[in-house]
Structure formats: C-alpha cells, structure tokens
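**Student:** Here it is, the structure in full.
Taken together, the values in this text are just the output of simple stated rules run on the coordinates, not laboratory data. Not measured: the values here are computed from a predicted model. FYI the Cβ positions are ideal-geometry reconstructions off the backbone, even for glycines, and counts take in every protein chain you see.
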Amino acid sequence: MHTILGASGQIGREVARNLKQDFAGAIRLVSRNPRKVNDTDEVFSADLLDATQTEQAVAGSHTVYFTAGLPMDTQRWVAQWPTMMRNVIDACAQHGARLVYFDNTYMYPQTAEPQTEETAFRPHGAKGRVRGEITRMLLEAMDQGRVRAVIGRAPEFYGPGKTQSITNSTVIAPLKAGGSAKVFLRDDTLRTLIFTPDASRAIALLGNTDDAYGQSWHLPCDDARLTYQQFIALAAEVFGTKARYRVLKSWQLRLAGLFSAQVRDAAELLPRYAVENLFMSDKFKKRFPDFRVTPIREGLQAIAAEG
C-alpha cells in the first residue's frame, strides 16, 4: 500500500498519478477532505495534527509519502509542522512503513553559493528554522533506526494546476491573464525552478528505489537557469502576451507588508531573490540518468495548454 499524506495538494495529486502509472500497489489518499485521483484510489480522512488519526491513516502501508503543505502563515508553521512530523514518524515507526519526505530549501542560507545535499542549514527567519527543525527530527529518527526514510528536496516551484509558489502567483498567473508580472528585488539573478510534475515523478521514483533510502536527494531541475527577465520574456512568448513586469524594491515590499499578511509572511524569503539561486541536482541525475527533466519552455507550454 502506497499512502500519500497531504494528498489534496498539487504534489500529492501528481504523486498519486505517477504511482498508478509507473508502480504496482494500492494507493491510499489521506487529507482532511481527500478526493480520488485514480478510480482505484482509497480515500481516508485524517488530521495529521492528531496522532491517533495519523496512526490509523498509516496502518497497513508499505510506503508513506509525506507531501503535506501549510499556508504561508509563520505562526501556523511554527505551531503545526513539528507536531505533524512527530506524528508521521511515530506512525511509520509503529507500522514499519517506509517514509518518503518531500522537503524544501527554506533552511538553507540565502546566498549565491551553490546548494547541494551537503549544504549546512542556516535559516533566515522562523519558517526556515522550523523546516530545519523537522528535517533534523526525521534525520535523527533515521540515524536511530526508528524509521527507514528518504528525503527529496525541491527549490521553488512552477507548474500547472494548483501549484502554489511565488513564481506562479506573481509571474505566471498575471502574464497568462495578459497582465503585468511582479518580481521581487532583482530581475537579473539566475533562478533554479522545478516543474511540479518533475518533482512528483522524482518523489515517486525515490520511494520505489531501495538504495535511495537513508539519504537526502535534491530533486531534478533544468540546469538551463534563467533570470526572471529571461523567464518572463519566454513565458510571454509562450502565452502570446506582452512581457510586462515591474521589479518591487525592498522599501515597496516593506510598505506592502504593512497592509498584507501574505507579504509579511514572505518577508524572510526575500534575501534569496537578491542573489543567484543555484540549486544543484547532480546527485539525482547521476543515479537516475534516464530521468527526463522538463525544459522550462516545455513546462510553460504545458501550463499554457491548460487554457
């Protein structure tokens, strides 16, 4: 049994599709209000903040995919992420299930240094600290032999469907609608973006590769990185719209934060937009040389095809 915790999000739904297409085994989708992705899916309603419900959701599972997300709310992250991770680890340990954890890069230093699986955690802000805390919690459980797990880490998303990211909300969505994009701080720094279907395929593959366990992996990205200026020009070409955008400076974002909780909650991530973001996925590409990474143009074409 493959069990996906947080199955209502974009990654969870895509993992369900990939598991059905590429791997054998029944699939259980777990969230507060789960809906089937494949006709044969089992759905299970559970709140991962409740230890008993989490344990019941994991019971009978061979492999558990922890793909849950939370809204960009700092207080909620600090209050809820450690509880959810603790409940998931305990449930997997109790039932002998393997754990595949979908991680992000918030705990990394927000510098121009290339990021590898060996990059030390040096978070900038509360969200980064709590993400580092829960990843360390899992690494300790792995070292103690409590749970057999693998960590797949992704940089910022772009993608179809309900993909939630700064790039999707401030660049892709407005350009696709014929409007003007917004860029934080600078438009001339190289960005590493991951196409959500690639991230989901990679997570499903890691979960079904025995020798991947016990390690952290950077999920595969297109190494032909673009600046936001280049990305916007390409997106506008693909969408058939004008490449209109403006760069929001620090003082403008601070002012906007006075009126917008969403902007305030994103503030700790801003330093990464002032420098190049070089997320390296060489380890994954060497281990899985046949994995095809979607070129950025092709990813944008898939988004455009959604209508």
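**Student:** Name the aspartates and glutamates eligible as straight-distance cross-link partners of Lys182: C-alpha to C-alpha under 19 Å, and not fewer than 8 places from it in the same chain.
**Tutor:** Glu156, Glu237, Asp265, Glu268, Glu276
**Student:** Give Lys20/Lys162; Lys36/Lys242; Lys36/Lys249; Lys162/Lys283 a once-over and call out the pairs whose C-alpha atoms are over 32 Å from each other.
**Tutor:** Beyond 32 Å between Cα atoms: Lys36/Lys242; Lys36/Lys249.
**Student:** Another one. Of the options Leu138, Leu190, Thr63, report the single residue whose Cα projects farthest towards the positive end of the charge dipole of the chain (beta-carbon charges: Lys, Arg +1; Asp, Glu -1).
**Tutor:** Leu190
**Student:** What's the extension gain from Ala120 to Ala304 if we count 0.36 nm per residue and subtract their Cα-Cα distance?
**Tutor:** Here the answer is 62.5 nm.
**Student:** Can you sort Trp251, Trp81 by how many other beta carbons sit within 10 Å, fewest first? Walk me through the numbers on the way to the answer.
**Tutor:** Values: Trp251 8, Trp81 18.
Result, fewest neighbours first: Trp251, Trp81.
**Student:** Step by step: find N for the stretch 66-153, compute 2.2 N^0.38 Å, then divide the Cα radius of gyration by it. What's the final number?
**Tutor:** Numbers: Rg = 13.2 Å, N = 88, 2.2 N^0.38 = 12.1 Å.
Rg over 2.2 N^0.38 Å, computed on Cα atoms: 1.09.
**Student:** What percent does the relative contact order of the stretch 2-49 come to when contacts are Cα pairs within less than 8 Å and at least six residues apart?
**Tutor:** Values: 79 pairs, mean separation 16.9, N = 48.
Once normalised by length, the contact order is 35 percent.
**Student:** Within the stretch 165-196, whose backbone N sits under 20 Å from a point 7 Å along Cα→Cβ of Gln229?
**Tutor:** 167, 171-172, 175, 180-193
**Student:** Let me ask something else. Averaging sequence separations of C-alpha pairs under 8 Å and six or more residues apart, then dividing by the length of the stretch 9-153, give the relative contact order as a whole percent.
**Tutor:** Numbers: 206 pairs, mean separation 29.3, N = 145.
Worked out over the stretch 9-153, it gives 20 percent.
**Student:** To continue, here is another question. Can you give me the relative contact order of the stretch 179-281 as a percent, contacts being Cα pairs under 8 Å and 6 or more apart? Provide the component values of the computation, followed by the final result.
**Tutor:** On the way: 113 pairs, mean separation 49.3, N = 103.
Computed value for the stretch 179-281: 48 percent relative contact order.
**Student:** With +1 on each Lys and Arg Cβ and -1 on each Asp and Glu Cβ, and nothing else charged, work out how big the dipole of the stretch 259-307 is about its Cα centre, in Debye to the nearest 20.
**Tutor:** That gives a dipole near 260 debye.
**Student:** Please turn the phi angles of the stretch 177-190 into ³J(HN,Hα) values with the Karplus equation 6.51 cos²θ - 1.76 cosθ + 1.60 (θ = phi - 60°), one per residue in order, whole Hz, x for glycine and proline.
**Tutor:** My calculation for the stretch 177-190 gives 7, x, x, 10, 7, 10, 10, 7, 6, 8, 10, 10, 9, 5 Hz in order.
**Student:** Sum -39500 (n - 2.57) across every DSSP H segment of at least 4 residues in the chain, then divide by the residue count to get the 222 nm mean residue ellipticity, nearest 500.
**Tutor:** Rounded to the nearest 500, the figure is -11500 deg cm²/dmol.
**Student:** Treating the beta-carbon of each Lys and Arg as +1 and of each Asp and Glu as -1, no other charges, what is the dipole magnitude of the stretch 131-272 about its Cα centre, to the nearest 20 debye?
**Tutor:** So the dipole magnitude of the stretch 131-272 works out to roughly 680 debye.
**Student:** Follow-up. Cut-off under 19 Å on the C-alpha distance; same-chain residues fewer than 8 positions from Lys286 excluded. Which aspartates and glutamates are left, in chain and number order?
**Tutor:** Partners within reach: Glu117, Glu118, Asp198, Asp210, Asp211, Asp222, Asp223.
**Student:** Taking the alpha-carbon centroid of each part, what is the distance from the stretch 10-62 to the stretch 198-234 in angstrom?
**Tutor:** Computed from Cα coordinates, the inter-centre distance equals 22 Å.
**Student:** Of Leu48, Leu248, Cys221, which is farthest towards the positive pole of the chain's charge dipole, taken about the Cα centre with +1 and -1 on the beta-carbons of Lys, Arg and Asp, Glu respectively?
**Tutor:** It is Leu248, whose Cα lies furthest towards the positive end.
**Student:** About the Cα centre, and with charges only on the beta carbon of Lys, Arg (+1) and Asp, Glu (-1), how big is the dipole of the stretch 56-212? Nearest 20 debye, please.
**Tutor:** Details: 17 positive and 15 negative charges, 98 e Å.
Magnitude of the dipole: close to 480 debye.
**Student:** Let me ask you something else. Which loop-located trypsin sites (Lys or Arg not before Pro) does the stretch 275-307 contain, where loop means any DSSP state but H, G, I, E or B and the Cβ has at most 12 other Cβ atoms within 10 Å? The partial results should precede the final answer.
**Tutor:** Details: sites: Lys283, Lys285, Lys286, Arg287, Arg292, Arg297; in loops: Arg292.
Those satisfying the criteria are Arg292.
**Student:** Specify the inter-centroid distance of the stretch 127-142 and the stretch 247-275, based on alpha-carbon positions, in whole Å.
**Tutor:** If you average the Cα positions of each part, the centres end up 26 Å apart.
**Student:** Tell me whether the chain comes out rounded, prolate or oblate; compute the Cα gyration tensor, take square roots of the eigenvalues as a ≥ b ≥ c, and use a/c under 1.5 as the rounded threshold.
**Tutor:** prolate
**Student:** Which shape class, rounded, prolate or oblate, goes with the stretch 1-117 when its Cα gyration tensor gives a ≥ b ≥ c as root eigenvalues, a/c under 1.5 marks rounded, and past that a/b bigger than b/c marks prolate?
**Tutor:** On the way: a/c = 1.73, a/b = 1.38, b/c = 1.25.
It is prolate, given that a/c is not under 1.5 and a/b is the larger ratio.
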